[in-house]
Amino acid sequence: MTRRQPRIVHRLLLAASLLLWLPGGLLAADLTARPGEPLQPLVERAESGDRLMLPEGRYPGPLAIDSTLTLSGETGAVIDGGGEGHAVVLDAPNIVIEGVTIENWGANLTDMDAGLFVEESASGSVIRDSRLEGPGFGIWLDAVSDVRVLDNVIRGDTTLRSQDRGNGVHLFNSRNIRVEGNDIRHTRDGIYIDTTSQSLLRGNHMQELRYGVHYMYAYDNRVEENTTRDTRTGYALMQSKHLEVIGNRSEDDRNYGILMNNITGSTLRENHVTGAHQRRDAQGEGLVSGAEGKALFVYNSQYNRFEANRLAESDIGIHLTAGSEDNELVGNAFVDNRQQVMYVATRAQEWSEAGRGNYWSDYLGWDLDSDGVGDTPFEPNDAMDRLLWRYPVARLLMHSPAVLALRWVQRQFPVFRPQGVKDSHPLMNEPDLNGPGLNQHNLGDASA
């Protein structure tokens, strides 16, 4: 051996010893659990960076993870939360939960019982490809940042009343969260966002809920390419600002496709709302007077932009009230709604921009110069509409000769026409709003 060789060997041994001290380094171990045995002792023996493998079988909980680990389950690996409190608590950064089924946690909503409770210390964690089914909250993110919730299936407890169930994914006071590709059904709300900023909801499927997406006191968030179906409200946007609502779908939601309450400075673009209808009895009559299904309901919301949305086949296309003025609407399509617009205010509103307005399926004007824009303005409401909104009982006279005569007078003599919505440049043809960014997912009837 030359004088140089011992020096090289010494350096190699020193480098190998240093690897032992690297968290999550090359020497991290794979540990395998045994079905039927609690996971907590195994978690406490594991070192940071280790991977815990769960073969098929049931594992009694609850479980608290307070070091950086990966918990990976094979098909059929189930963690049983024990029926009280949280099933699994994440309390360290960069934890990964994948491929695990979590069941049977607590139902106390006041205590925030959850299948997965993510503490503030668990920044950078990932929850993916897992299934959660139970009565309380599915996944609760508590004042945490940089967490990813990806491609999970979450189911609520249908034996409970809707208001007694937890939300599928609940974000509280969190930042930079990504919730993507999840399938959520039978919880109270699908995804609830409270006091949270700079987060993204994308490509989630939500069905048979109170609200699909529910924002409260949030700002600088983006919700895109999600689908809701058969909820009471698809997207409930409340007390928030600077939201980007892009390319979402609402299909057959009951009360509202999109509801906006005190929303400012936000953009709604390329959303499709179809079939927002009040539930009807066997004779086709509405069950609750004045509760028509609204594709888009705008309450006390100003300085928002609505562009390239399709609001179709609903009881009411868009309903604006309580000072919802100074909003921009251009390039939208209002198609085959029983009533296109319900505008309950007195200020005139112009719904066109730079010579381009919106498409109205009931527009009866003409386009003599063939530029694709109607030569006469479209004004969807008249004084009789206002009378009928204020006095719903008068709807019995809607098609009477007297009401028809009054409407004819208004058309012939504009001096009698009240201030309201006006589209000075209505589009003659429905624009193609099926761009590549729109979500084309079909929820179907699968339970998995």
With the first residue restricted to region 44-61 and required to be at positive phi, and the second required to be of a type in the set (A, V, I, L, M), Cβ contacts under 9 Å at 6 or more apart or on different chains are Gly49/Leu22; Gly49/Leu27; Gly49/Ala28; Gly49/Ala29; Gly49/Leu69; Gly57/Ala33; Gly57/Ala77; Gly57/Val78
Inspect all residues belonging to region 92-108 and state whether any of them is farther than 25 Å from Ser145 by Cβ and among the small types (Gly, Ala, Ser).
-> yes
Among the residues of region 228-250, the number that are assigned to a loop (DSSP other than H, G, I, E, B) and among the basic types (Lys, Arg) is 1
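Hey, can you tell me all the residues within region 340-350 that are out of contact with any helix residue (DSSP H, G or I) (no Cβ under 8 Å at 6 or more places or on another chain) and modelled with pLDDT under 90?
Filtering region 340-350 down to residues out of contact with any helix residue (DSSP H, G or I) (no Cβ under 8 Å at 6 or more places or on another chain) leaves 340-341, 343, 345-350.
Result: Tyr343, Ala345, Thr346, Arg347, Ala348, Gln349.
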Considering every residue within region 75-82, establish whether at least one is at pLDDT below 95, open to solvent by 30 Å² or more (accessible area, probe 1.4 Å) and either touching a Gly at 6+ places or on another chain (Cβ under 7 Å) or more than 23 Å from Val179 (Cα to Cα) (or both).
-> yes
If you check Asp253, Asp326, which single one turns out to be of a type outside the set (Phe, Trp, Tyr), assigned to a loop (DSSP other than H, G, I, E, B) and modelled with pLDDT of 95 or more?
-> Asp253
Output the residues belonging to region 291-344 that are β-branched (Val, Ile, Thr) and crowded, with 21+ Cβ neighbours inside 10 Å.
-> Val298, Ile316, Ile318, Val341
Pair list, Cβ under 8 Å, 6 or more apart: region 178-196 residue small (Gly, Ala, Ser), other residue surrounded by 24 or more Cβ atoms within 10 Å (Cβ to Cβ) and assigned to a strand (DSSP E or B) | Gly190/Val169; Gly190/Ile184; Gly190/Met206; Gly190/Tyr211; Gly190/Gly212; Gly190/Val213; Gly190/Thr228
Going through region 230-271 one residue at a time, which ones are over 23 Å from Asp183 (Cβ atoms), open to solvent by 10 Å² or more (accessible area, probe 1.4 Å) and of a type in the set (S, T, N, Q)?
-> Gln239, Asn261, Asn262, Thr264, Thr267
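The values are calculated or read from the model by the stated rules, or taken from the named source; none is laboratory data. Keep in mind that this is a model prediction, so the values were computed, not measured. Ideal geometry is used to build each Cβ from the backbone, glycine not excepted, and the neighbour counts take in all protein chains shown. Note: areas computed on protein heavy atoms with side chains; ligands, DNA, RNA excluded. Shrake-Rupley method; radii C 1.70, N 1.55, O 1.52, S 1.80 Å.
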